[in-house]
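Visitor: Input: one structure, supplied below.
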Amino acid sequence: MILPVTVNFYENLDSQPAGRMNKLNITVAVTGLNNIDSPGPGVPVIRALRESDFFNVRIIGLAYENLEPGIYMPGIADKVYMIPYPSDGVEALLERLEYINSRERIDVLIPNFDSELYTFMKSDKRLGEMGIKTFLPELAQYEERHKANLSGFGKKYNVKVPGNFELFSHSDIQKIPSGFTFPLMVKGKFYDAYTAENKQQIAFFYNKIAAKWGLPVIIQEFVRGTEVNVVALGDGQGNTIGAVPMRKQYITDKGKAWGGVTLDDKNMLELTRRIISETKWRGGMELEIIKTASNELYLIEINPRIPAWVYLAVGAGQNLPEALVRLALGLDVEPFTSYKVGKMFIRYSYDLLVDIGQYELVSTKREN
């Protein structure tokens, strides 16, 4: 039996006999449908929720651009709505969400872009009034792990991090400390990272990043080693619900993993658990780490949301998106205790054919 979604969701849940829990119908809204060469996490998050043993999920896709592939991919979203960019302001977003919610009765919303998280975190109270639950980091957690604040984060939590320096203008390039030797990393505050071999390249990348993501642009010391990552979920009380480490097998020119394999690395897991414990991290996260030849771990970024390669964790035995939804609904979640080592993912391109009428519908009515 499938229970319908009603205002008595929790009564339906409580009425189920122990050991005989049926799947519960819920509606989840998901952003990040841009499944392109720099993919958003939306599509793999949705795939994970579709495979839930606990929920029967109706998916509402929230898109910023009318050519995001997730809008048109079969079996992904049940309904798609266009929403305004975060730069359009909080009120524009909330007005649109109020309209969408009046039609869809959203239970949980999962934002998947760094650039939108601040807006959704600030709107938590209004979303709650609409009956929409999220499970996001606290504002203080979000701010202290920022790339520009990484040095302070490393000192506070005794984590090895590369040195960084912020650029607010072209003239700041000449103020980069002499201890910073080339090559250097040039990073945007939300996305994009480039390796610069000289100050001319720094100036070029500064212009490119600042035009796209604004200031500051961050200069980060280059650490030689192997890039590894961890996807993890914290419960907000200091407990790690799940964590899966991965080594990138294939990296695109944008630095995105196009293939990866799960690792058996106790040091990476210990670092992850310690960070979640000490910060009391709430929600999904991705740790980007450089593992040196001497097996030292340097934390180079903390992304405050589920990464686009999360489906590898699902395939390895940890359905973190499902667990996140359960946490958002206030349900008990047992931490995962294991995962499959040596599980690989490989991305591929696929030509999706759709009728022009679908595109026109999204472009004109702003929904599909």
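Visitor: If R0 is 25 Å, what FRET efficiency do you get for Val341 and Thr252 from their C-beta distance, rounded to 0.05?
Guide: Calculated value: 0.50.
Visitor: A follow-up question, please. How big, in percent, is the set of alpha carbon pairs in region 186-227 lying more than 11 Å apart?
Guide: On the way: 526 of 861 pairs.
It works out to 61 percent of all Cα pairs.
Visitor: Moving on. Please compute the length gained on full extension between Asp78 and Leu352, using 0.36 nm multiplied by the number of residues separating them and subtracting their Cα-Cα distance. Display every interim value, and only then the final one.
Guide: On the way: separation 274, 0.36 × 274 = 98.64 nm, distance 1.73 nm.
Extra length available between Asp78 and Leu352 comes to 96.9 nm.
Visitor: For region 148-196 and region 206-242, what is the centre-to-centre distance using only Cα atoms, to the nearest Å?
Guide: 12 Å
Visitor: Show which aspartates and glutamates lie in cross-link reach of Lys156 when reach means a straight Cα distance below 16 angstrom and same-chain residues fewer than eight apart are skipped.
Guide: List returned: Glu143, Glu144, Glu278, Glu301.
Visitor: Further question: Based on other C-beta atoms within 10 Å, arrange Tyr311, Tyr99 from fewest to most.
Guide: Numbers: Tyr311 23, Tyr99 14.
Ordered by Cβ neighbours within 10 Å, fewest first: Tyr99, Tyr311.
Visitor: Right, next: Could you sort the peptides 278-289, 205-216 by per-residue average Cβ neighbour count (10 Å cutoff), highest mean leading?
Guide: Details: 278-289: 22.4, 205-216: 16.9.
Put in order of decreasing packing, that is 278-289, 205-216.
Visitor: What does the charge count around Val341 come to, taking other residues whose C-beta lies under 14 Å from its C-beta (Lys +1, Arg +1, Asp -1, Glu -1)? If you can, show how the numbers build up before the last one.
Guide: Values: positive: Arg247, Lys266, Lys340, Lys343; negative: Asp264, Asp265.
Neighbour charge sum, excluding Val341 itself: +2.
Visitor: Among the listed pairs Lys155/Lys266; Lys122/Lys256; Lys155/Lys280; Lys147/Lys208; Lys189/Lys291; Lys122/Lys212, give every one whose C-alpha distance is greater than 26 Å.
Guide: Numbers: Lys155/Lys266 22 Å; Lys122/Lys256 29 Å; Lys155/Lys280 17 Å; Lys147/Lys208 18 Å; Lys189/Lys291 23 Å; Lys122/Lys212 23 Å.
Cα-Cα > 26 Å for Lys122/Lys256; rest within.
Visitor: Moving on to the next point. Let me check I've understood the local charge: for Glu95, count other residues with C-beta under 12 angstrom from its C-beta, Lys and Arg +1, Asp and Glu -1. What total comes out? Don't skip to the end; give the middle numbers.
Guide: Details: positive: Arg96, Arg126; negative: Asp88, Glu91, Glu98.
Spelling it out: positives minus negatives among the neighbours equals -1.
Visitor: Check every DSSP H run in the chain and write down those whose alpha carbon atoms cover 18 angstrom or more along the long axis and whose mean Kyte-Doolittle hydropathy is -1.0 or greater.
Guide: On the way: long enough: 90-104 (20 Å, -0.45); 199-213 (20 Å, -0.29); 266-279 (19 Å, -0.51).
Within the chain the helices that satisfy the rule are 90-104, 199-213, 266-279.
Visitor: Please state the charge dipole magnitude for the chain, taken about the Cα centre, from unit charges on C-beta atoms (+1 on K and R, -1 on D and E), reported in debye and rounded to the nearest 20. Before the final figure, lay out the partial values.
Guide: Values: 42 positive and 44 negative charges, 128 e Å.
The calculated dipole for the chain is roughly 620 debye.
Visitor: Now, a different point. Please give the peptides 147-157, 32-42 ranked by average Cβ packing (other Cβ atoms within 10 Å per residue), highest first, as a rough proxy for protection. Can you show the working numbers first?
Guide: Details: 147-157: 16.5, 32-42: 22.1.
Ranking the peptides 147-157, 32-42 by packing returns 32-42, 147-157.
Visitor: Moving on to the next point. Tell me whether region 157-213 comes out rounded, prolate or oblate; compute the Cα gyration tensor, take square roots of the eigenvalues as a ≥ b ≥ c, and use a/c under 1.5 as the rounded threshold. Could you put the intermediate results ahead of the total?
Guide: Working: a/c = 1.68, a/b = 1.23, b/c = 1.37.
Taking the square roots of the gyration eigenvalues as a ≥ b ≥ c, region 157-213 is oblate.
Visitor: Compute the FRET efficiency between Lys23 and Phe168 as 1/(1 + (r/R0)^6), taking r as their Cβ-Cβ distance and R0 = 51 Å, and round to the nearest 0.05. If you can, show how the numbers build up before the last one.
Guide: Values: r = 52 Å, r/R0 = 1.01.
In this case the efficiency is close to 0.50.
Visitor: Another question, if that's okay. Specify the inter-centroid distance of region 304-368 and region 25-98, based on alpha-carbon positions, in whole Å.
Guide: Region 304-368 and region 25-98 have Cα centres spaced 10 Å from each other.
Visitor: Just rank Thr252, Thr364, Thr27, Thr262, fewest to most, by other beta-carbon atoms within 10 angstrom.
Guide: Values: Thr252 14, Thr364 9, Thr27 19, Thr262 22.
Lowest to highest Cβ neighbour count: Thr364, Thr252, Thr27, Thr262.
Any read-out appearing in this document is the output of simple, stated calculations on the displayed coordinates, not a laboratory observation. Quantities reported herein were computed from a predicted structural model and do not represent experimental measurements. For neighbour counting, all protein chains shown are included, and Cβ atoms are generated from backbone atoms with ideal geometry for every residue, glycine included.
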